[in-house]
Amino acid sequence: PWPTVENTAQGDGYVIQYLSQTTDEFLDSPGHAGRSFDAIVTRPGEVPEGTKLPVSVRLHGFGGAPANTGWSGEIRIFPADPDNTYWWGYADSLPTGITEDAEVLPYTQRRVMHLLEWVLRNEPAADPERVVIQGGSMGGAGAMTIGLMHARHFSAVYTTIGQAIPRNH
């Protein structure tokens with residue numbers, strides 16, 4: 001299911017959209033499917049018709065939460081990883097427990113890419129040729145792995161102090 005806009009607020013030259021991202025068995029383990037994650041998208045308040053703006057996907061660090069900062073020169077996506085999966089995923093057997101045959105699937109990455117797709121489909125000013133993913137620490141780990149695994153969707157990856165192998169966590 002596509003994210004839904006739950007609320008909006010006005011920033012200084014930008015609009016803040018507070019989203020709810022409800023999962024299914026592709027975006028979450030079967031036992032967790034149906035829960036919701038918060039996300040925030042900021043977009044310039046006034047965008048002249050025909051204008052294309054860069055998109056910035058910003059991943060928070062360990063224990064963090066989506067920010068809501070904006071700028072009139074770009075569209076920003078702030079997903080959430082409240083389970084601190086290092087923007088990777090978790091066992092498909094959860095929440096019932098880890099079994100010997102459990103597989104760790106990239107559910108968290110799927111949610112990030114799903115948000116990006118929603119923005120690109122619904123925001124006429126979003127330029128799919130100028131999408132950057134970035135983060136620091138846990139967010140840096142996520143930016144590296146999502147940027148590498150889904151490279152055709154990103155024009156740049158910017159990361160600081162990121163663990164290069166998030167599955168180590």
Open item on the list: Need the failing condition index for D12 against (1) out of contact with any helix residue (DSSP H, G or I) (no Cβ under 9 Å at 6 or more places or on another chain); (2) in a loop (DSSP other than H, G, I, E, B); (3) modelled with pLDDT of 95 or more, just the number.
Closed with: (3)
Task: Within the stretch 109-130, considering residues that are in a helix (DSSP H, G or I) and basic (K, R), the one least open to solvent (accessible area, probe 1.4 Å) - done: R111
Task: Cβ pairs under 6 Å, 6+ apart, first in the stretch 1-29 and touching a residue at least 12 places away in the same chain (Cβ under 8 Å), second open to solvent by 30 Å² or more (accessible area, probe 1.4 Å) and charged (D, E, K, R) - done: V15/R43; Y18/E6; S20/E6; T23/R35; L27/R110; S29/D92
Task: Residue list for the stretch 94-105, filter: touching an Asp or Glu at 6+ places or on another chain (Cβ under 8 Å) and part of a loop (DSSP other than H, G, I, E, B) - done: A102, E103
TODO: Exactly one condition in (1) over 16 Å from the mean Cα position of the chain (by Cα); (2) open to solvent by 30 Å² or more (accessible area, probe 1.4 Å); (3) small (G, A, S) is not met by A91; state its number.
DONE: (2)
- [ ] Mind listing whichever residues of the stretch 95-108 are surrounded by 13 or more Cβ atoms within 10 Å (Cβ to Cβ), touching a residue at least 40 places away in the same chain (Cβ under 8 Å) and under 17 Å from T22 (Cα atoms)?
- [x] P106, Y107
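The values are calculated or read from the model by the stated rules, or taken from the named source; none is laboratory data. Computed from a prediction, not measured in an experiment: that's the story for all the values here. Reconstructed Cβ throughout: ideal geometry from the backbone, glycine too, with neighbour counts over all protein chains shown. Keep in mind that these areas ignore ligands, DNA and RNA; they rest on the heavy atoms of the full protein, side chains included. Shrake-Rupley method; radii C 1.70, N 1.55, O 1.52, S 1.80 Å.
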